[in-house]
Amino acid sequence: MTPETVMSMTYQALRVALSMAGPLLLVTLLVGLVISIFQAATQINEMTLSFIPKLLAVGATLVLLGPWLINTMVDYIRMLLESIPGLAL
């Protein structure tokens, strides 16, 4: 296995991981921002107020994007397993 092959596989793994985690992190960021603006406007300084909305938003995102996330992971694993015979030791 050449260093270029290892770097290519690492790049593909990181790309898949970021594409799968990106939507969840973006939703969490947006919900946190909305809650922060609400807290600043109403002067409610409760640290636990943002936990439940973020949890619900991530849960809803997982329900909506679940099939795409699973297909992305299955495609990556299938590609990885199919490339094993072609790897030179």
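The values are calculated or read from the model by the stated rules, or taken from the named source; none is laboratory data. Here the structure is a predicted model, which means the values were calculated and not measured. Cβ atoms come from the backbone with ideal geometry, glycine included; neighbour counts cover every protein chain shown.
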With the first residue restricted to region 24-37 and required to be in contact (Cβ under 8 Å) with a residue 24 or more places away in the chain, and the second required to be in a helix (DSSP H, G or I) and of a type in the set (Ser, Thr, Tyr), Cβ contacts under 6 Å at 6 or more apart or on different chains are 24/61; 27/61
(message) Residues that are surrounded by fewer than 11 Cβ atoms within 10 Å (Cβ to Cβ), of a type in the set (Ser, Thr, Tyr), more than 18 Å from the chain's Cα centre (by Cα) and in a helix (DSSP H, G or I): does region 4-17 have at least one?
(response) no
Checked pairs for region 38-65, first free of Cβ contacts under 8 Å to residues at least 12 places away in the same chain, second among the small types (Gly, Ala, Ser) and surrounded by fewer than 13 Cβ atoms within 10 Å (Cβ to Cβ), C-beta under 8 Å and 6 or more apart or across chains, list as none
Residue check for residue 71: out of contact with any Cys (no Cβ under 8 Å at 6 or more places or on another chain), without any contact (Cβ under 8 Å) to a residue 12 or more places away in the chain, polar (S, T, N, Q) and assigned to a helix (DSSP H, G or I): yes
Flagged pairs (Cβ under 9 angstrom, 6 or more apart or on separate chains; first in region 1-23, within 30 Å of residue 61 (Cβ to Cβ); second of a type in the set (Gly, Ala, Ser)) are 9/83
Of the conditions (1) modelled with pLDDT of 95 or more; (2) aliphatic (A, V, I, L, M); (3) exposed (fewer than 10 other Cβ atoms within 10 Å of the Cβ), the single one that residue 1 does not satisfy is (1)
Scanning region 37-47 for residues that are within 26 Å of the chain's Cα centre (by Cα) and either loosely packed, with under 10 Cβ neighbours inside 10 Å or within 17 Å of residue 58 (Cβ to Cβ) (or both) gives 47
